[in-house]
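Before any comments, here is the structure.
What follows draws every value from the coordinates through simple rules; no lab data is involved. Here the structure is a predicted model, which means the values were calculated and not measured. Reconstructed Cβ throughout: ideal geometry from the backbone, glycine too, with neighbour counts over all protein chains shown.
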Amino acid sequence: MARILVVESVAQPAIDLLVAAHETDVRLDLPREQLLSLAGGYDALVVRSQTRIDDDLLAAAPRLSVVGVASVGTDRIDLAAATRAGVMVVNAPTGNTIAAAEHTIALMLALLRKIPSADASVRRGEWDRAGHTGAELRNKTIGIIGLGKIGKAVARRIAAFEARILASDPYLTAEQAAEASAKLVGLPELLGRSDVISVHTPLTAQTRGMIGQAQIDAMKPGSYLLNVSRGGIMDEAVLSRALEEGRLAGAALDVYSAEPMDADSPLRSAPNTVLTPHLGASTTEAQDRVGIEMAEQVLLALSGITPPYAVNAPAIALEVAPKLRPYVELARRLAILARQLSPAPYPSIALVYAGEIAAWDCSPVRTAALAGILEPVTDQRVNAVNADLIARERGLTVNETKTDAADPWSSLVRVSLGDLRLAGSTAHGRPHLAGLDDFQLDAELAGIILVTRHQDRPGIVGAVGTILADARINISSLELSRLSAAGEARMFVSVDDPIPDTALERVAAVDGMLDARVVELPPL
């Protein structure tokens, strides 16, 4: 049972999920020094949007294997540091999609119809209808910067208002944008043509400050600007001046470069603004969904499975996961077997994905194989999070190939290390060795295995069986393969107990025995 520390408020259904599976402590509002002193005793840490995960915290928590973020954004997480430490970061990217999209529409309508100022006017005893004449969304051109999950949800809702939709997103095709009723254009065209612009990009090195003086100058005079994504994407001082000078008709923001907003922020006094305190995900339904989604990811990670929403590890798509996951474990076991059969260091590893799996993203298979190879040669924890990084640092070249040829198996993973060539597949979800160099086998990859190479002649199999029996070692399965009669043969003998050195020496001394060694793989 793992230990989980929850340090920020998350929905109770999420806590219930964690408590049911592992020892879970909820300690909210911990001072930084106390968090650093406590973190070392936990395997998982659950945060939301305030806790800083950096080198200092990671160094104080050597047991930590996963950080669960009950949010979409991970800008408080040093992902590079977490990756180096082999700590998986998971988030909840879909749970607040609807809430954020609906909040965007609410702000857009409040801005165009001047609802906040009209409300304040009525409360002051006024009845100024003419002074609060607004604008309709119908027939307007709405520009969406960032057509991810939330951007698409916003676009679909705007389409119901009979507005034209432009989108700018460097990672989408025109066909994908059209599925959300949007026309894909470049950012300059979007800025120049849109009546209303809504930003929905993550905060990255590339997007920080992406809406600055030049971009606001390029917008249509009298247009509106919204940000319901992340603070820091737009220059708030430039935006405030544009509002003061009347170059923009209005702006609505839910996120800010500093949160809570600085007391002297120029946005507080800027005209024609609607400001909300980061409420995009603040619905009861969204908080429950986000919390549950995050908790499910944490539990998967603690069980040794790379979850679909791992931020810093190759994840398995939800629709592919049940099919690909057994091959991830297969690759790890093939690599563990390879380094025991061929322990010398090698500059490269070759991976071949054959058959059905060749159509999928096999990056989780690659990282599993690398982890299996690298675990014993470094004092770092090696897993799906940092396997690629450690391989690069150690100068290990990885060659990957895909092919349709996997007969008689539906899928095969081949691992080559130096002159050693292994092939494996799965049977009923369990990893099996299918080939060793030119020998065809079908042996389950688990437990203690005696591997021999010998002359194909009478008496050798019997002699090995007798030696194991003398040592009171039970054989659970035996696989024998030969290239030709009286040529070389291979034998895989799975046993229930460790084979003592004296018994292995007797096996190696059998007449006609060319090589005999014991390998050990994790139990299934």
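Data overview
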read-out: Top positive-direction residue, dipole computed over the range 1-127 with Cβ charges, set V122, L111, A59; value: V122
read-out: Percentage of interatomic Cα-Cα distances in the range 1-151 larger than 26 Å; value: 46 percent
read-out: On Cα atoms only, tilt of 460-470 relative to the major axis of the chain in degrees; value: 80 degrees
read-out: Summed side-chain charge close to A315 - residues other than A315 whose Cβ falls under 14 Å, Lys, Arg +1, Asp, Glu -1; value: -3
read-out: Relative contact order for the range 407-463, counting Cα pairs under 8 Å that sit 6 or more residues apart, in percent; value: 18 percent
read-out: Hydrodynamic radius (Kirkwood) for the range 197-312, which is based on Cα pairs only, to one decimal in Å; value: 16.0 Å
read-out: Chymotrypsin sites (Phe, Trp or Tyr not before Pro) lying in DSSP loop within the range 282-386, provided at most 10 other Cβ fall within 10 Å; value: none
read-out: Exposed GluC sites (Glu not before Pro) absent - longest run of the chain, DSSP non-H/G/I/E/B, at most 10 other C-beta within 10 Å; value: 1-244
read-out: At most 12 other Cβ within 10 Å, DSSP loop - chymotrypsin sites (Phe, Trp or Tyr not before Pro), the range 168-271; value: Y171
read-out: Between the range 355-369 and the range 131-189, the alpha-carbon center distance in angstrom; value: 35 Å
read-out: Cα Rg, Dmax (largest Cα-Cα span) when computed across the range 52-117, Å; value: 17.8, 54
read-out: The chain, relative contact order [Cα under 8 Å, separation at least 6], %; value: 11 percent
read-out: S269/D419 FRET efficiency (R0 56 Å; Cβ-Cβ; nearest 0.05); value: 0.15
read-out: FRET efficiency, A509 to L30 (Cβ-Cβ, R0 51 Å, nearest 0.05); value: 0.20
read-out: Extension gain (nm, one decimal) between K183 and E23, 0.36 nm per residue minus Cα-Cα; value: 52.6 nm
read-out: Whichever lysines have a C-alpha closer than 23 Å to that of K149, once near sequence neighbours (fewer than 8 apart) are set aside; value: K140, K183
read-out: Per-residue [θ]222 nm for the chain (sum of -39500 (n - 2.57) over DSSP H runs n ≥ 4, rounded to 500); value: -9500 deg cm²/dmol
read-out: Structure-derived mean projected area of the Cα convex hull in nm² - corresponding label in (i) 24.3; (ii) 23.0; (iii) 29.7; value: (iii)
read-out: Cα-projected label distance for R208 with D437, points at 7 Å along beta-carbon direction, nm; value: 5.5 nm
read-out: Modelled FRET efficiency - R0 60 Å, E393 with I115, Cβ distances, 0.05 increments; value: 0.60
